[in-house]
Amino acid sequence: MTQSNILSINNLSYVIADKHILRNISFAASVGEFIGIIGPNGAGKSTLLRCIRGITPPSAGQVLIHNTSIQNFSERELAKRVAYMQQDVSVNFDFSALDIVLTGRYPHLEWWQNERQQDIDIARKNMAFTGVEKLEYSSVNQVSGGERQRILFAKALTQETDILFLDEPTANLDLVYQEEIFRYCQTICGRGKTVLMVVHDLRLAAKFCSRLILLAKGNVLVDGLPDDVLTSKYLEQAYHMDTVVFKNKTTGLLDIYTYEAGQASNSDINVHIIGGGGTVGDIIRQLFNNGYKLSGGVFHQGDSDADVAEAFQMDVLLADPFCAVSNEIGRLNREKIAAADVVILANLYFGPQNIDNLQAAAHAKKLIIVEDSPIEQRDYVGGQAVLIYKRLIQNKGVIVLTSEELLQMIEDNKLADQGVQLSKLTAD
Amino acid sequence: MKSSNYRVRYLLPVMIIILVLLSIIATSWGQVGVPLANTMEIIFKHWGIPGYADITLNPQQDAVIYFIRLPRVIVGILVGAGLAVAGAVMQGIFSNPLADPGIIGVSSGAAFGAITAISLGLTTSNLFTMPFFAAGGSLLAVLLTVMLASHKGRIPVIILLLAGIAVSMFMGALSSGLLTILNEHRVREYLFWMVGGLDYRRWEHVYLAAGPILSGIGICCLLARHMNILVLGDNEARAVGASVQKMRIGILSVASVITAFAVCVSGAIGFVGLVVPHIMRIFVGPDHRLLIPVSALAGGIFLVACDVLARMIVPSIEIRVGVITALVGAPYFLYLLRRVQRSEK
């Protein structure tokens with residue numbers, strides 16, 4: 001434990017009726033951290049916040065603030081150090097927004113004191129910060145869900161604590177407001193506050209939090225930087241959901257693709273995809289969803305097909321951008337093609353840099369050619385591509401489909417059958 | 001609270017004027033009609049206001065005004081104010097707009113305590129024995145209700161009401177059992193404790209109730225800001241550092257003692273604590289720092305007005321004021337219940 005730890009949780013457990021809701025949770029937070037607590041429903045995220053705050057007394061373990069156990073603080077002293085924004089607050093009476101925000105000043109006032117002008121100023125300042133200053137006199141029961149959350153957030157800020165606990169503050173919010181709350185938190189963390197937030201949206205957590213703690217079944221599964229926590233391995237363990245985590249090239253952010261792994265086991269079927277130029281994204285995704293073992297080539301670096309292949313962690317051959325496929329890569333491509341059970345040739349446009357892909361296709365055991373437009377329109381090498389293509393189609397076992405037909409075939413899980421049937425047909 | 005400042009600045013003085021005027025009218029009006037001017041003369045003379053000492057009074061008017069009607073009106077103000085404040089406080093503490101000393105069983109608990117003191121023959125020895133027992137009964141009732149209704153630290157609106165009804169009926173059964181043993185012919189006595197009224201109230205009742213009720217209201221005014229926090233619910237209140245249980249028990253005890261003294265001098269008058277704070281909340285908002293003093297004044301006005309009504313409807317026989325408040329309050333309660341149900345959906 002270092003001096004900079006503002007909050008330490010040691011071996012915290014919460015047991016209710018012999019059921020471990022939280023099990024031996026330990027972590028420490030230092031000043032300025034914006035920690036997102038993520039995990040599936042029922043992982044114990046909200047319970048963890050309540051236990052740390054002392055609202056629900058933990059069954060075992062210790063919570064230290066500035067190296068002092070929270071049990072040594074009175075409720076009021078604790079409230080001066082930690083603000084806690086609950087998931088749903090029901091106010092049965094028509095208090096105005098300012099009234100609610102002012103309740104944040106409660107721990108700072110003596111029991112006989114009324115709010116002073118300075119308290120009202122602090123409340124107004126925070127309402128302006130969260131953009132609800134115009135709602136001062138509106139009843140909290142008559143504002144929108146988003147406004148209400150921002151009022152409650154302003155209340156938590158008005159408590160002027162070093163630590164803020166926020167339990168899904170973005171629930172019920174529009175996308176814009178969700179981001180806004182995260183941005184506010186990032187800003188206040190930059191000013192030296194420490195935020196612990198239960199987050200549902202993993203993408204937002206990845207975008208804004210400085211650190212993530214992934215809970216699963218009451219345990220800390222992993223704790224670290226967003227890039228290290230949000231991996232398909234951990235997400236699969238926590239959420240029991242098949243995911244692909246990748247860097248979204250458009251946003252530059254971590255993104256998550258979820259899918260349901262197909263029922264049929266296709267993992268022993270090798271499919272090689274000859275693509276490029278953004279022609280095979282859908283095909284790769286569909287094949288991946290259905291659990292095929294994938295390889296691909298030769299794609300050019302920076303091509304969106306290359307990005308898709310990378311996201312799905314595919315065994316892929318890459319060539320330098322705008323260059324012809326080198327002999328070495330071409331040889332490797334032919335090897336993979338020869339080894340694959342099924343080879344898919346995409347609806348490619350052929351130029352000098354990728355004509356080798358077309359030549360390599362001849363090595364396929366079973367070739368499926370995708371043809372959405374006639375080859376004549378896709379030949380940029382003066383008729384050479386047309387020639388090779390025509391010859392390829394003559395080969396035994398080759399079938400020609402549109403993208404749509406192919407995707408349907410993959411979805412129906414008939415890719416392998418097709419190959420077998422075809423080989424039978426040609427044998428006859 | 002700032003928004004309602006403007007309205008409140010005028011509301012408090014206006015209410016005080018209404019209360020005073022209403023009290024004078026209630027004192028002078030009745031079977032024995034006494035002109036307003038004479039009424040004032042009688043009161044001023046008794047209070048030793050300079051210039052009124054030498055006035056000769058009509059002895060019959062003097063007796064009616066000063067020894068029958070005035071204490072009755074003052075008891076009415078005290079009881080109305082006390083019950084309204086107790087209601088406002090309980091609604092705040094339970095964060096439930098339907099709480100009221102009558103509805104959650106506090107009044108019948110107090111009545112049971114008072115009857116116990118009477119049946120044990122303790123009331124003659126000390127003036128404060130009966131209120132002491134009444135306070136005990138009311139605290140017992142509130143404890144029972146809360147224990148029955150709370151589940152995991154939460155008290156759902158409807159469960160609180162059901163628990164309150166159960167406790168009320170239980171306490172009522174004990175009371176009527178005791179009264180039967182005491183003297184089965186004393187139906188009037190029974191009526192007094194079960195329905196509540198202001199008839200036959202004397203100065204001794206004023207002296208008994210004034211101190212505790214007024215100081216109880218004072219304490220509630222002082223703690224009003226804390227009630228604003230309690231209204232937000234357990235977790236929210238604890239999040240800002242309130243010692244929820246301690247405060248809840250403390251404030252609830254004060255409200256129960258107020259109720260106990262009100263019940264001792266007037267029996268169990270229902271619905272004042274429900275109707276008055278609710279209507280006042282519409283005027284001044286939910287901030288208890290305003291709601292409590294305003295409810296106190298409005299409670300006094302409401303009960304004195306109901307009493308005038310009770311005396312007015314059939315002049316020869318007085319209807320008990322508890323009947324009138326129930327006639328006004330019960331429909332209002334049902335209306336509120338419907339609204340709460342709708343908002344919970």
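Indicate the helices, whole DSSP H runs only, in chain A that combine a mean Kyte-Doolittle hydropathy of 0.5 or more with a Cα extent along their long axis of 15 angstrom or more.
Working: long enough: A:117-129 (18 Å, -0.66); A:145-158 (20 Å, -0.21); A:175-190 (23 Å, 0.16); A:327-339 (18 Å, -0.84); A:384-394 (16 Å, 0.54); A:415-427 (18 Å, 0.22).
Answer set is A:384-394.
Where in segment A:121-137 does the label zone of A:Val176 land, with the point 7 angstrom along Cα→C-beta and an amide N cut-off under 14 Å?
A:131-132
What number, in percent, do you get for the relative contact order of chain B if the mean sequence gap of Cα pairs under 8 Å and at least 6 apart is divided by its residue count?
It rounds to 28 percent for chain B.
Could you list B:Ser256, A:Ser139 in order of exposure, starting from the residue whose Cβ has the fewest other Cβ atoms within 10 Å?
A:Ser139, B:Ser256
Compute, for segment B:8-132, the length of the dipole vector about the Cα centre, with Cβ point charges of +1 (Lys, Arg) and -1 (Asp, Glu) only. Units Debye, rounded to 20. Could the numbers behind the result be given before it?
Working: 4 positive and 4 negative charges, 27 e Å.
Approximately 140 debye in magnitude.
Could you work out, residue by residue across B:240-251, how many beta carbons of other chains sit within 10 Å of that residue's beta carbon, and then give the average as an integer?
Mean partner shielding for this stretch: 4.
Would you kindly calculate the translational diffusion coefficient of chain B, applying Stokes-Einstein with the Kirkwood radius from alpha carbon pairs, for 4 °C and a viscosity of 1.567 mPa s, and quote it in µm² s⁻¹ without decimals?
Here the translational diffusion coefficient equals 63 µm²/s.
Treat the protein assembly as shown as a sphere of radius equal to its Kirkwood radius over Cα pairs and apply Stokes-Einstein at 4 °C in a medium of 1.567 mPa s; give the translational diffusion coefficient in µm²/s, rounded to a whole number.
Using the Kirkwood radius from Cα pairs, D works out to 40 µm²/s.
Return the loop-located trypsin sites (Lys or Arg not before Pro) in segment B:191-277 (DSSP other than H, G, I, E, B) with at most 16 other Cβ atoms within 10 Å of their own Cβ; answer none if there are none. List each step's numbers first, then the result.
Details: sites: B:Arg201, B:Arg202, B:Arg225, B:Arg238, B:Lys246, B:Arg248; in loops: B:Arg201, B:Arg202.
Passing both the DSSP loop test and the Cβ count: B:Arg202.
Give me the Kirkwood hydrodynamic radius of segment A:200-291 in Å, from all C-alpha pairs, to one decimal place?
Values: mean 1/r = 0.0669 Å⁻¹.
Hydrodynamic radius (Kirkwood, Cα pairs) of segment A:200-291 is 14.9 Å.
Taking a ≥ b ≥ c as the square roots of the Cα gyration tensor eigenvalues, with a/c under 1.5 meaning rounded and otherwise prolate when a/b beats b/c, else oblate, which class fits segment A:5-251?
Cα axes put segment A:5-251 in the oblate bin.
Output the peptides B:289-296, A:4-11 sorted from most to least packed, where packing is the average of other Cβ atoms within 10 Å over each peptide's residues.
Result, highest mean Cβ count within 10 Å first: B:289-296, A:4-11.
Enter the mean number of other protein chain beta carbons within 10 Å of the beta carbon of each residue in B:222-232, as an integer.
Mean number of neighbouring Cβ atoms from other chains: 4.
Is any residue of segment B:61-91 close enough, with backbone N under 18 Å, to a label point placed 7 angstrom from the Cα of B:Gln31 along the Cα-Cβ axis, and if so, which?
Label zone hits: B:61-73.
For the residues B:Lys45, A:Lys45, what sequence is obtained by ranking on other C-beta atoms within 10 Å, fewest first?
By the 10 Å Cβ count, ascending: B:Lys45, A:Lys45.
What ³J(HN,Hα) values, in whole Hz, does the Karplus curve 6.51 cos²θ - 1.76 cosθ + 1.60 give for segment B:295-306 when θ = phi - 60°, with x put for Gly and Pro?
Here the 3J(HN,Hα) series is 5, 4, 5, 5, x, x, 4, 4, 6, 5, 4, 4 Hz.
Comparing B:Ile103, B:Ile115, B:Ile17, which has the greatest mean-square fluctuation in the GNM of chain B with Cα pairs linked when under 10 Å apart?
Top of the fluctuation ranking is B:Ile17.
With only Lys, Arg, Asp and Glu charged, each at its Cβ (+1 for the first two, -1 for the last two), find how big the charge dipole of the protein assembly as shown is about the Cα centre; round to the nearest 20 debye.
The dipole magnitude comes to about 2400 debye.
Helix B:106-119 versus the longest principal axis of chain B: what angle, 0 to 90°, nearest 10, using Cα atoms?
For helix B:106-119, the angle is close to 60 degrees.
Sort segment B:124-258 into rounded, prolate or oblate with this rule: let a ≥ b ≥ c be the square roots of the eigenvalues of the Cα gyration tensor; rounded if a/c is under 1.5, and if a/c is not under 1.5, prolate when a/b is larger than b/c, oblate otherwise. Please report the intermediate quantities before stating the final value.
Numbers: a/c = 2.88, a/b = 1.52, b/c = 1.90.
Since a/c reaches 1.5 but b/c is at least a/b, the shape of segment B:124-258 is classed as oblate.
Expected output is a single nm value to one decimal: the length gained when fully extending between A:His240 and A:Asn141, i.e. 0.36 nm times separation in residues minus the C-alpha distance. What is it?
31.8 nm
Which residue fluctuates the most in chain A, going by a Gaussian network model with Cα springs under 10 Å, if the choices are A:Gly383, A:Gly192, A:Gly42?
Evaluated over chain A, the most mobile residue of the options is A:Gly383.
Going by C-beta contacts inside 10 Å, put A:Val176, A:Val63, A:Val400 in order with the fewest on the left.
The order, fewest Cβ neighbours first, is A:Val176, A:Val400, A:Val63.
For chain A, would you read off the P(r) tail past 31 Å as a percentage of all alpha carbon pairs? If you can, show how the numbers build up before the last one.
Values: 49417 of 91378 pairs.
Pairs farther apart than 31 Å: 54 percent.
Along the positive direction of the dipole of chain A (beta-carbon charges: Lys, Arg +1; Asp, Glu -1; about the Cα centre), which of A:Val325, A:His20, A:Gly291 reaches farthest?
So the residue furthest toward the plus end is A:His20.
Could you give the angle, 0 to 90 degrees to the nearest 10, between helix B:321-344's Cα long axis and the longest principal axis of the Cα atoms of chain B?
Between helix and principal axis, roughly 20 degrees.
For chain B, what is the charge dipole size about the Cα centre, in debye to the nearest 20, if Lys and Arg each add +1 at the Cβ and Asp and Glu each add -1 at the Cβ?
In total the dipole reaches around 1020 debye.
Below 19 Å, Cα to Cα, which lysines can A:Lys193 reach? Residues fewer than 8 away in the same chain don't count.
A:Lys80, A:Lys125, A:Lys155, A:Lys207
Per the Debye formula with a single identical scatterer at each Cα and no solvent contribution, what log10 I(q)/I(0) holds for segment A:270-427 at q = 0.10, 0.13 Å⁻¹?
-0.31, -0.53
Quick note: the coordinates plus some simple rules give every number you see, no bench work behind them. Worth saying up front: this structure is predicted, and the values here are computed from it rather than measured. Positions of Cβ are generated from backbone atoms using ideal geometry, with glycine treated the same way; all protein chains shown enter the neighbour counts.
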